[in-house]
Amino acid sequence: MSVTHVAAALADGSTIAHFRHAGRYKKNIWIVVDECSFNSAHMWNWLSKFKMMGCKFLVLGDFAGQLLPISAGSDGFDYDKIADSDFMHDLCNGLRIELTEFRRGPDMDHFRFMQSLYDPALQLATAIKNAKARYPRSDRHPHYVLVISHKKRIRENQMTNGRLARGRMDARLLKPAAVKPGSIANMPQDMYVWPGLKFQACVKQREQNIINGLEYEVLATTDTIVKLRQLHPSGDTAKHGDPFELPHEDTANKFRLQHALCYYTAQGRTLRDGLVVCTDTDHKAFCMRHLIVGIGRVGVGTQMEVM
């Protein structure tokens, strides 16, 4: 199980939110928790109660190099110490195993550079300088741009989506229903869609064919309908979803362009389709975790640039 739908889908599991309802009376089972860095202090407290019910825990993830839960900015909990805490030691019965094999791709030099970013003595400014030197920005058009803020995400998506649509005869403009500004962070926007375009679901709760955070591909469009399917995060075509249809307005409301993604949204995903550019390295909120998450989205260094 995991906090996010993407990580849960990779293991064909469920989210922790789902388990809180469906599994709250479970006893004497194995509980596998992935993307552990995303768990809040409140969530760890709730999960630990299953220890008294005879359950065993397998906790997976990267405590040091992945982004923290949103609550980390306000709950006063020291997430940097949880990996080596007595709490985690007791939860996992003292067993800790560090995995060292790179499974995202064949580029071991790229992997070793990413590993170097975990050096506790390495300063953020030096790490960014090294990353820019190793993955310099070129004049290639990126397939994905990683950003800090939703405001920049919307701006980058608008520019790239418009540029790509101008060269297509089959692009259709979709407009979402009006949403009160500030009511949600991940606001929808006008978008051009065409067969082959991939975007990301953004829904408050799971719907019949739509799961928040997962990637979907446009298969066909008409004047009123968009036909699409869910893509399994592993890339296994046998696990892709069945085609379904949505009206234009629903599609624009329930999906987000991903020419640009916030770092938080990209965590846990492998970005396979082309060049990834890490931006906002000078943003006041940018930290070493953002740099590691960004660089770690690709399997080969030729698909990464940092600016």
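Please say if segment 146-285 is rounded, prolate or oblate, where rounded means a/c under 1.5 for a ≥ b ≥ c the square roots of the C-alpha gyration tensor eigenvalues, and otherwise the choice is prolate for a/b larger than b/c and oblate otherwise? Intermediate results must be reported in sequence, preceding the final value.
On the way: a/c = 1.38, a/b = 1.23, b/c = 1.11.
Rounded, because the longest to shortest axis ratio a/c is under 1.5.
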May I ask you to evaluate 6.51 cos²θ - 1.76 cosθ + 1.60, the Karplus curve with θ = phi - 60°, for each residue of segment 232-246 and list the ³J(HN,Hα) values in order in whole Hz, giving x for glycine and proline? 6, x, 6, x, 6, 5, 5, 9, 5, x, 6, x, 8, 10, 9
Subtract the Cα-Cα distance of Asp109 and Ser138 from 0.36 nm times their separation in residues, and report this length gain in nm to one decimal. 8.4 nm
State the answer as a single residue: which of Asn45, His259, Ala7 lies farthest towards the positive end of the charge dipole of the chain, with beta carbon charges of +1 for Lys and Arg and -1 for Asp and Glu, about the Cα centre. His259
In debye to the nearest 20, the charge dipole size for segment 5-91, taken about the Cα centre with +1 at each Lys and Arg Cβ and -1 at each Asp and Glu Cβ, equals 620 debye
What are the residues whose amide H is under 5 Å from the amide H of Phe57, where those residues sit 5 or more places off or on another chain and H is modelled from the backbone? Ile31
Mean Kyte-Doolittle hydropathy of -1.0 or higher plus an axial Cα length of 18 Å or more: which whole DSSP H helices in the chain meet both? none
With the label point 7 Å along the Cα-to-beta-carbon line of Thr302 and a cut-off under 16 Å to each amide N, the hits in segment 133-177 are 135-136, 138-141, 143
Across segment 146-232, how many lysine pairs, 8 or more positions apart or on different chains, have C-alpha atoms separated by under 25 Å? Please give the number. 14
Straight-line reach check, Lys51, cutoff 28 Å on alpha carbons, 8 or more apart in-chain or any other chain, hits among lysines -> Lys26, Lys27, Lys81
Lys, Arg +1 and Asp, Glu -1 on Cβ, resulting dipole of the chain about Cα centre, debye, nearest 20: 460 debye
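Over the chain, calculate the relative contact order: mean separation of alpha carbon pairs under 8 Å at least 6 apart, over the residue count, as a percent. Please report the intermediate quantities before stating the final value.
On the way: 498 pairs, mean separation 64.6, N = 307.
Taking the mean separation of contacting Cα pairs over the length of the chain, I get 21 percent.
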Counting only residues 5 or more places away or on other chains, whose amide H sits under 5 Å from the amide H of Leu219 once H atoms are built in the peptide plane? Gly196, Lys227, Leu228, Arg229
Along the charge dipole of segment 144-260, which of Phe199, Thr224, Asn186 sits closest to the positive end, that is, farthest toward it, with unit charges on the beta carbon of Lys, Arg, Asp and Glu (+1, +1, -1, -1)? Asn186
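From the square roots a ≥ b ≥ c of the eigenvalues of the alpha-carbon gyration tensor of the chain, which class results: rounded (a/c under 1.5), prolate (a/b over b/c), or oblate? Intermediate results must be reported in sequence, preceding the final value.
On the way: a/c = 1.87, a/b = 1.26, b/c = 1.48.
In terms of gyration-tensor shape, oblate.
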Long-range HN-HN contacts of Cys202 with modeled amide H, under 5 Å: Gly213, Phe255, Arg256
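None of the figures in this text is laboratory data; all of them are computed from the coordinates on show. Quantities reported herein were computed from a predicted structural model and do not represent experimental measurements. A quick note on method: Cβ atoms are made from the backbone with ideal geometry, for glycine too, and the neighbour counts reach across all protein chains shown.
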